[in-house]
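Participant: Following this message is one structure expressed as structure tokens.
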Amino acid sequence: MMGTVIITGATGSLAIATIEHLLSNCPSLTVLGTVRNATKLPKSPSLLQLEEIASRYPPGRLITRNLDMGSLSEVQSFARDVATQVESGELPSIRAIVCNAFTWSLDGQKFTQDHYETTFHVNHLAHFVLVLGLLWSMNRENGRIVMLSSEVHDPQNHNPLSALGAQLPANDRLEELVKPRVDDPGKEHDMGWRRYANSKLANVMFMESLNKRLQKNPELKQITVTAMDPGGIVDSRAHIAQRVSVRILFRVFALLLPILRLFTNQVRSSMDSGKDLVKLIADPAFHSLRGHFNGSRPQPPATIAKNEHQCEALWSACWEWVNMTESDTCIVKQLV
């Protein structure tokens with residue numbers, strides 16, 4: 001069946017591996033990958049790699065579009081444009097939206113042009129807008145939304161790379177997610193990890209909240225939402241933001257990966273995780289499945305993600321932060 005798969009952050013290590021698997025194994029699917037700046041010169045090595053992959057397939061199998069996830073208005077405009085193309089038949093209906101784009105700042109706070117903290121904005125809020133804006137353009141029989149999670153989304157999981165893990169503010173202080181207090185001096189690195197972990201926890205909570213709404217909607221109830229923890233990807237370009245010692249450690253892990261695979265599945269290559277992600281995107285065996293996955297294995301999410309009161313508080317806060325209205329989407333704000 002024809003369909004479009006949207007992947008944000010298409011030049012990321014996991015995205016490139018996923019796109020390669022999709023194009024080679026799912027010939028009926030068109031991949032629409034978003035990149036922050038496809039026209040910037042000189043082109044980045046990852047963008048050149050994406051273009052090389054596209055050259056192996058017929059024109060139109062892989063489409064790249066500019067999208068700055070740090071601009072809510074740009075995300076809204078992109079969603080409207082894609083919806084128009086689907087309605088006109090220029091693009092096949094959306095089979096999957098893969099919310100892959102992410103950023104982090106381990107050396108202090110950064111803010112977007114919307115004046116929101118960058119990590120939470122890009123990793124969660126932008127995807128909140130994108131998904132809700134495109135629901136009506138999705139395939140009603142087997143549309144899939146895949147959020148990217150992380151082991152650190154769970155406050156109960158120890159993070160050996162940071163003294164601080166996920167910890168959402170109290171419901172009456174949720175605005176601190178987008179307008180945080182100033183980091184304590186010397187705590188910038190660990191607070192950066194907390195912001196990243198919180199954004200991934202928000203993705204998992206969004207999965208829970210959206211699934212409940214979809215299942216109550218007769219027209220959308222077959223669209224599913226999953227969240228995938230891709231594991232520790234040893235060859236991820238994102239490690240460039242890590243401390244030197246951690247970067248060296250992951251290089252060693254990459255060399256030892258054939259041995260490490262015998263003992264753990266928490267350390268993976270981008271190709272390993274890309275294969276798992278394609279299963280959640282397109283494998284018929286995953287049709288109608290919802291919930292949290294470690295790779296392609298079902299895994300319970302953090303306990304807090306099953307707390308409906310807290311999930312709904314976060315959903316409502318995000319709805320207000322992005323100025324969403326029910327005319328912007330086909331899903332309700334309040335869970336009935």
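Just so it is clear, none of the values below were taken in a lab; they were calculated from the coordinates. These numbers come from a predicted model, not from an experiment. Note that we place each Cβ from the backbone using ideal geometry, even for glycine, and neighbour counts take in every protein chain shown.
Participant: Label-point separation (nm) for residue 87 and residue 306, each offset 7 Å from Cα along Cα-to-Cβ?
Facilitator: Placing both labels 7 Å along Cα→Cβ, they lie 4.1 nm apart.
Participant: Grab the Cα-Cα distance for residue 2 and residue 179, subtract it from 0.36 nm times how many residues apart they are, and report the gain in nm with one decimal.
Facilitator: Taking 0.36 nm per residue and subtracting the Cα distance, the gain is 59.5 nm.
Participant: Long-range amide H contacts for residue 32: which residues qualify at under 5 Å (H placed 1.01 Å from N, peptide plane, sequence gap of 5 or more or a different chain)?
Facilitator: When sequence neighbours closer than 5 places are left aside, the close amide H contacts are 5, 6, 7, 63.
Participant: Another question, then. What order, most packed first, do the peptides 248-257, 72-81 have when packing is the mean number of other Cβ atoms within 10 Å of each residue?
Facilitator: Those peptides, ordered most packed to least, come out 72-81, 248-257.
Participant: Please compute the modelled spin-label separation between residue 299 and residue 136, points set 7 Å along Cα→Cβ, answer in nm with one decimal.
Facilitator: Computed distance between label sites residue 136 and residue 299 equals 3.7 nm.
Participant: I need two numbers for the chain: Rg to one decimal and Dmax as a whole number, Cα atoms only, in Å.
Facilitator: That works out to 18.8, 54 Å for Rg and Dmax.
Participant: State the answer as a single residue: which of 293, 231, 215 lies farthest towards the positive end of the charge dipole of the stretch 211-319, with beta carbon charges of +1 for Lys and Arg and -1 for Asp and Glu, about the Cα centre.
Facilitator: So the residue we want is 231.
Participant: Right, next: Express the relative contact order of the chain as a whole percentage, based on alpha carbon pairs under 8 Å and six or more residues apart in sequence.
Facilitator: This gives 19 percent for the chain.
Participant: What is the set of long-range amide H partners of residue 233 at a cut-off below 5 Å, with H atoms built 1.01 Å from backbone N?
Facilitator: Excluding prolines and chain starts, which carry no amide H, the hits are 268.
Participant: Plugging the Kirkwood radius over Cα pairs into Stokes-Einstein for the stretch 113-206, at a temperature of 4 °C and a viscosity of 1.567 mPa s, what D comes out in µm²/s?
Facilitator: D, rounded to a whole number, is 90 µm²/s.
Participant: What is the magnitude of the charge dipole of the chain about its Cα centre, with +1 placed on the Cβ of each Lys and Arg, -1 on the Cβ of each Asp and Glu, and no other charges, expressed in debye to the nearest 20?
Facilitator: So the magnitude is around 700 debye.
Participant: Suppose each label sits 7 Å from its Cα in the direction of the beta carbon; what would the residue 316-residue 238 distance come out to in nanometres?
Facilitator: Rounded to a tenth, the inter-label distance reads 3.1 nm.
Participant: Applying a 10 Å radius around every beta-carbon, put 86-97, 204-215, 56-67 in order of their mean neighbour count, most first.
Facilitator: 204-215, 86-97, 56-67
Participant: Here's another thing I want to ask about it. Beyond a 22 Å Cα-Cα separation, which of these cross-linked pairs lie in this structure: 200/279; 43/200; 179/216; 212/333; 221/275; 43/279?
Facilitator: Result: 43/200; 179/216; 221/275; 43/279 exceed 22 Å.
Participant: Under 16 Å Cα-Cα from residue 40, which aspartates and glutamates qualify once same-chain neighbours fewer than 8 residues away are excluded?
Facilitator: Cross-link targets: 51, 68.
Participant: I would also like to ask the following. Would you mind counting up the charge near residue 116? Only other residues with Cβ under 13 Å from its Cβ, with Lys and Arg at +1 and Asp and Glu at -1.
Facilitator: The answer is -2.
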